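The values are calculated or read from the model by the stated rules, or taken from the named source; none is laboratory data. Bear in mind that the values here come from a model prediction, so they are computed numbers and not experimental data. Here the Cβ is made from the backbone with ideal geometry for all residues, glycine too, and neighbour counts use every protein chain on show. The protein model used for the area step is the full one, side chains on, heavy atoms only, and it has no ligands, DNA or RNA in it. Shrake-Rupley method; radii C 1.70, N 1.55, O 1.52, S 1.80 Å.
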Amino acid sequence: MTHSQSTPHSTGLFDFLENSPTPFHAVTAARKILEQAGYTELKESHAWQLKPASKHFVIRNGSSLIAFRSADANPVERGFRMVGSHTDSPCLKLRPHTDLKDRAYLRLGAEIYGGVLLSTWFDRDLSIAGRVYFTDRTGKKAQNTLVNFKRPVAVIPNLAIHLNRSANENRTIQKQSEMVPLVGQTFADHLDFQRLLLEQLHLDGASSAERILSHELSLYDTQRPASVGMRSEFIASSRLDNLLSVYCGLQALVQSKSEVPCLLVCSDHEEVGSTSAAGAQGPFLKSVLERLASSSSDLARALSKSMLVSTDNAHGIHPNYPDKHDPAHQPILNQGPAIKSNFNQHYATSDETAAAFIQCAERAGVPTQYFVSRNDVGCGTTIGPITASVLGVRTVDVGLPTFAMHSIRELAGSQDANFLTAALTEFFQTTDLI
Ligand SMILES: [Zn+2]
C-alpha cells in the first residue's frame, strides 16, 4: 500500500493502523507480524510443550494477545521482561438491535464505548468493522468471522449553525439522540442492516453465512493515517491510543535478541476499566506466566526479578492550552517517550522502575521526558497499576506524547515511534535491570 506523504519508517505503522479498525483486526494484524518473525500460535486449551528459545503467541477472545519468547535460562534467574499495551480504542459500537427507521432514513443505534471525544465524530466518512457470529444453512454450529465494510457507509452529520446559533459557545452533546449514525435511505430499497451485513459477510469470504446470531461491530473513520506538518513532523491517525504502542512493542519484540524470557501483552477493554476475561484485570497474563514457570514458587521468584513496561500514550503539552500541564513537566512531541509518574498510583511508575527505564533508554540513545499531572487537573490511568496489583510486578508507565487523545483523529510525533521501539528493544535485551 502506498501513502504519498508517509516517510519510509512510517509505512509499516500506517498499514498496521489502517488494518486494525477494531481490537479483533489489531490482533489479526499483530498475528501476521509475529508469524512472519517465526512465532507460532498456542491454544490455551492445549497442553504446552515449551522448548528453550521458542517463540509463541496466545490469543484470548480474538481481541487480546500475549506473545512470548521463552529463553534458555530459567525465568527464576532473571525474571521476565514484559511490555504491556491495549488493543481497544474509544469508539461507537453497534447495538444488537441496530435499525432505527424514520422519515425515509435508516440509522443505526450505537453504544458509546469508553471515553470518546464525541465532537470529533461528526461529519466523518465512517465505516463499520468487527466480528460476527453466524450459522450456515443447516443452522447448527455457530461460526465467527471478521468483517470490514472498508468503504464509507455511515455518517453522523452536524446540525447546521443556522439551526443552533450557540454551537460555538455552549455545546452539550446528547449521547443517546445525537450519536446516531445515518447509513442510508429506505424508500428505494427496504434497507435492513442484518441483510446488508450478510451481503458484506459474503463479500468478505463467509459465503455460507445464512443467519446472523450476534456481533461486535465498531464504527471507524475511513481517513487513512497521514504525515502532517511542513517537515512531516507529525502523524495523524485514529487509534494511536494505543495501537502506536502495540506496534512499537511488536517491533521491539521481533527485533530484540535476548537470553531473558520476554513477553508482549496486548489487552482488550482497557478503555472501559480492564475488568473482563480478556482484559488486564483478568487472569490471562497470570495464566500464561504460570505455564512458563515450572512451579508457583518459581513463578514468585521469577516475578520478583521481573519488570513490566506499561506503554500507553501520554499528553504532550499543547501550545494552545499550556496551562493544562505542570510547569516543570511538559512532554514535547518527537522528544522521546514520557515516563508517567503519579504517586497516587494512577500510574504504576516507582523511583526504581523509572531509573531502570531511563537507563535502558540511554543505552539505546533515546531521550526521555516526564509526564506528571497538575494537582488540579486529573490524569488518566493505564493497565500499569492494574497489572502491577494483579501480579505484584515492578512496573513503569511510559508513553509517547500525543495531542487530542481519544479524538477520532489523534496526533503524535513522527520520530517518536522509533524512539519507543529502540528503548523497548533495549529493555527486552537487558539481563540485569537495576
Ligand atoms: Zn490508552
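Here are the numbers:
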| read-out | value |
| --- | --- |
| Relative contact order (%) - the chain, alpha-carbon pairs under 8 angstrom, separation at least six | 22 percent |
| Restricting the stretch 75-170 to GluC sites (Glu not before Pro) in coil, as DSSP defines it, with at most 13 other Cβ within 10 Å | GLU169 |
| Cα pair distances exceeding 16 angstrom across the stretch 78-167, given as percent | 73 percent |
| Calculated SAXS-style log₁₀ I(q)/I(0) at q = 0.08, 0.13 Å⁻¹ - the chain, Debye, Cα scatterers | -0.46, -1.17 |
| Within the chain, longest stretch clear of exposed chymotrypsin sites (Phe, Trp or Tyr not before Pro) (DSSP loop, no more than 10 other Cβ within 10 Å) | 1-186 |
| Per residue solvent-accessible surface (Å²) - the chain, probe of 1.4 Å | 45 Å² |
| Segment LYS286-ASN320, extension gain: residue separation times 0.36 nm, minus the distance between their alpha carbons | 7.9 nm |
| Exceeding the 32 Å Cα-Cα cut-off - candidates LYS43/LYS141; LYS93/LYS140; LYS32/LYS93; LYS51/LYS140; LYS32/LYS101; LYS43/LYS150 | LYS51/LYS140; LYS32/LYS101 |
| Cross-link reach list, lysines versus LYS324, counting only Cα pairs under 16 Å and skipping chain neighbours closer than eight places | LYS340 |
| Order by protection proxy (mean Cβ within 10 Å, highest first), peptides 90-97, 307-314, 175-182 | 307-314, 90-97, 175-182 |
| Dipole axis of the chain (+1 Lys, Arg; -1 Asp, Glu on Cβ), positive-most option in ILE33, THR387, THR11 | ILE33 |
| Rounded percent of accessible protein surface that carbon and sulfur make up, the chain, 1.4 Å probe | 50 percent |
| Cβ-placed point charges (K, R +1; D, E -1), dipole of the chain about Cα centre in debye, nearest 20 | 760 debye |
| Candidate aspartates and glutamates - alpha carbon under 14 Å from LYS286, same-chain residues fewer than 8 apart omitted | GLU44, ASP298 |
| Under the Karplus curve 6.51 cos²θ - 1.76 cosθ + 1.60, θ = phi - 60°, whole-Hz ³J(HN,Hα) for the stretch 90-99, x wherever Gly or Pro sits | x, 6, 9, 10, 6, 6, x, 9, 8, 6 |
| Stokes-Einstein D in µm²/s, Kirkwood radius over Cα pairs - the stretch 223-373 at 4 °C with 1.567 mPa s viscosity | 72 µm²/s |
| Gained length - ASN19 relative to GLU352, 0.36 nm times residue gap less alpha-carbon distance | 116.1 nm |
| Extension gain, GLU362 back to THR431 (0.36 nm per residue minus Cα-Cα distance, nm) | 23.3 nm |
| Which of HIS325, SER119, LEU42, positive extreme of dipole for the chain (C-beta unit charges) | LEU42 |
| Cleavage-rule hits (trypsin sites (Lys or Arg not before Pro)) in the stretch 120-171: DSSP loop, at most 13 neighbouring Cβ within 10 angstrom | ARG137, LYS140, LYS141, ARG165, ARG171 |
| Value of [θ]222 nm, deg cm²/dmol, for the chain, DSSP H segments ≥ 4, -39500 (n - 2.57) each, nearest 500 | -7500 deg cm²/dmol |
| The stretch 328-413: radius of gyration and largest Cα-Cα distance (Dmax), Å | 13.2, 36 |
| The stretch 35-83 - Rg and Dmax from Cα coordinates, angstrom | 11.6, 33 |
| Listed residue (ASN170, TYR133, LEU92) projecting farthest to the positive dipole end of the stretch 88-173, Cβ model | TYR133 |
| Ellipsoid semi-axes in whole angstrom, largest first, where each is sqrt(5λ) of the Cα gyration tensor of the stretch 11-124 | 39, 15, 14 |
| DSSP bridge orientation in the chain - percent antiparallel, rounded to nearest 5 | 70 percent |
